[in-house]
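Down below is the structure, laid out as structure tokens.
Each value in this text was obtained by applying a stated rule to the coordinates, not by laboratory testing. Source: prediction; values computed, not measured. Glycine also receives a Cβ, built like all others from the backbone with ideal geometry; neighbour counts cover every protein chain displayed.
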Amino acid sequence: MKNPKSLFNPLGLPGIKKLVSFVLVTVSASSALADCSFTGVSGINFGSYSPLDIAANTNGVGTLSISCHGDGPTRVVSLSTGQSNNFSPRFMVSGMSIIYYNLYSNPARTQIWGDGTGSSGSVSISSSQLTILNIFGMIPANQDASAGIYTDNIIVTVEF
């Protein structure tokens, strides 16, 4: 079968494969040379945020477990912008209220994890085994946030 057009390859181009996870839903793609799948995804729970604490950022950590097999090129792991349509800053929504946050690839929270465009970067993995990646989140201090449960949905993409 020729490269069919699909959600993962809308133009039917050869050699373009993506593995996409919508929060906890897993979809996998494979080829004769390599394949990858999500073996675990944990979201980031920031806990309580206090707008009265103007000095401290609120941090959280989530994880991605990705298992790749076979000979293949370096795999690139990207995160979407979520509801904000922008990597800096991202925002979460609760009703009509928003709170700004971001996701980072390093513990110091200085490298915005996105798709490599703008000020964001992606993460490359070359291991043909289970790889566990941490996603470091931060809500900056001093935001006038209304009480509520704030959420965002991030799409994780693995290109191989």
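A compact table of results
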| quantity | calculated |
| --- | --- |
| Positive-end residue of Asn85, Ser128, Ala55, charge dipole of the stretch 38-153 with Cβ unit charges | Ser128 |
| Net dipole in debye of the stretch 38-153 [+1 Lys, Arg Cβ; -1 Asp, Glu Cβ; about Cα centre; nearest 20] | 100 |
| Rel. contact order, % - alpha carbon contacts under 8 angstrom, at least six apart, the stretch 38-153 | 35 |
| Kirkwood hydrodynamic radius of the stretch 38-153, Cα pairs, Å | 15.2 |
